[in-house]
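Heads up, the thing below is written out as C-alpha cells.
The values are calculated or read from the model by the stated rules, or taken from the named source; none is laboratory data. All values reported here derive from a predicted model rather than from experimental measurement. Reconstructed Cβ throughout: ideal geometry from the backbone, glycine too, with neighbour counts over all protein chains shown.
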Amino acid sequence: MTASKPSTALNRRRFVPVLARCLATHGPTPVAIAIEAVADACKLNAAQKLEMSDSNAWEPKYRNVIRWARQDLNFAGLLDRSVGRGIWALNENGRKLLARFKKDDDAFVRAVYELHSEDGVELAPTSQSLLPVGNTDTTPDDAVVHAVTLYETYIKNLLREELADVSATRFEHIAADVLARSLRAVDQSVTPPSRDGGIDGTLYLDHLRLHRAVFQAKKYDPSAKVSRTDIDAFYAAARRENASAMVFITTARFSNEALTAARTFGIRTIAGDELVSLMLRVGVGVRERQTFTLHSIDAAYFSEDP
C-alpha cells in the first residue's frame, strides 16, 4: 500500500503523519517552523492560510489544526518533552511507529489514535478513519459532551507541560494563585526560599487576618511521590505557625503513607491531576476564549393547561 498523498483539507488526522515525518526528517524543530513545514508539505494555498479559526480569533485555522495534530502525537506518548518549551520533536517510540508504517499513512494514524494518554482517555474510536464519518448512534448532545471532554483533556495536557517547564520557585507562585482563588483568600504571600522554614506560602482568608492557611508546594517529576517524611516536616512547620488550614500541593503523587498521615493531621492534599483540574476550574494559567449556551425546550411554557 502506498502512502496517502498530502491533503489540502484542514483536518488534523491528515496532518498527523505529515507532522511526524517532518519532525523525523528535521529533528527538534521550533514550533513556527514545524507548522509552516507541515503547511508546505500539504500544499495549503493562500486562502487556506488566511482562513481564521472559528473559535480562536487571533490565529489562522491551519495553525490551530496543526497544533491539534501535534497534541494527538503527544497524547499518544510519541513526542520528546526533554527538548524544552517551543520545540517539537519525536521520541524513540514516535520514530519507531513512523518507520513501521512509513508506507501507510492511514495505518499510522489509526495506530496513533489507538494509543492512550496517561489518563487512559482514548483519542478516537479505533474504527475511525481519516475521513470524518458520522456516527448515527450518537446524538448531538453526546457529541457536545465528547468534544468538551476531549478539549479539556487537551488543555490539561498543555497545563501539565507548562508546569513541567517552570522552576520550583515559579511553581510556588502558581500554587499560591490557585489556592488563593480556590479559597477566596483576601491576601497571599510566598515565603522567600532562603527562610521558608518549611512553609512555602501563606493565605489570609479574612480581612482581619484571623484565619490563615499555609501551604507547601513541591514541583516533582510526575512519576515521583511525596513521602511520609515530607508530610511530617510540613505538619511540624504548620503547627509552629498556628495555621487554621494546611495544604500540600504537588505536580507529582502522594505515597499511601503520606496520604494516611495527611488525613490524620488534617492536611488537604492536591496532586498533579487534581491540580490541573483546579487550575481550569478557577482560571489560573488559562483564559476564557469562547463560551456556549446549550438550550433545551421548556415544554411547560407551551402547555395549554392553566
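Listing for the model above:
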quantity: Residue in the range 271-288 that is among the charged types (D, E, K, R), modelled with pLDDT of 95 or more and over 30 Å from PRO140 (Cβ atoms) present; calculated: no
quantity: Residue match in the range 253-274 (condition: closer than 18 Å to SER189 by Cβ and in the same structural domain as GLU172 (by TED's automatic domain parsing)); calculated: no
quantity: Matching residues in the range 72-94 - criterion: being under 14 Å from LEU115 (Cα atoms) and at pLDDT below 85; calculated: PHE75
quantity: Check on VAL166, modelled with pLDDT of 85 or more and touching an Asp or Glu at 6+ places or on another chain (Cβ under 7 Å); calculated: no
quantity: The range 75-92, residues that are under 11 Å from ASN157 (Cβ atoms), in contact (Cβ under 8 Å) with a residue 60 or more places away in the chain and touching a Leu at 6+ places or on another chain (Cβ under 9 Å); calculated: PHE75
quantity: So LYS96, is it outside any helix (DSSP H, G or I) and more than 18 Å from ILE35 (Cα to Cα); calculated: no
quantity: Pick from the range 251-260, criterion free of Cβ contacts under 8 Å to residues at least 40 places away in the same chain and of a type in the set (S, T, N, Q), ranking: surrounded by the fewest Cβ atoms within 10 Å (Cβ to Cβ); calculated: ASN256
quantity: Within the range 272-306, considering residues that are in contact (Cβ under 8 Å) with a residue 12 or more places away in the chain and over 24 Å from ILE249 (Cα atoms), the one nearest to the chain's Cα centre (by Cα); calculated: ARG289
quantity: Criterion (among the aliphatic types (A, V, I, L, M) and either modelled with pLDDT of 90 or more or touching a Gly at 6+ places or on another chain (Cβ under 9 Å) (or both)) met by exactly one of LEU150, LEU183; calculated: LEU183
quantity: Pair list, Cβ < 7 Å and 6+ apart or interchain, from the range 155-184 residues that are over 27 Å from LEU79 (Cβ atoms) to residues that are in a helix (DSSP H, G or I); calculated: ARG181/VAL282; SER182/LEU278; SER182/VAL282
quantity: Candidates ARG268, ARG263, ARG287, filtered to the one that is out of contact with any helix residue (DSSP H, G or I) (no Cβ under 9 Å at 6 or more places or on another chain) and surrounded by 10 or more Cβ atoms within 10 Å (Cβ to Cβ); calculated: ARG263
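Quick grid of which residues meet (1) in contact (Cβ under 8 Å) with a residue 24 or more places away in the chain; (2) basic (Lys, Arg):
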position	(1), (2)
GLY197	yes, no
GLY201	yes, no
ASP206	no, no
ARG209	no, yes
ALA217	yes, no
TYR220	yes, no
ARG228	yes, yes
TYR235	yes, no
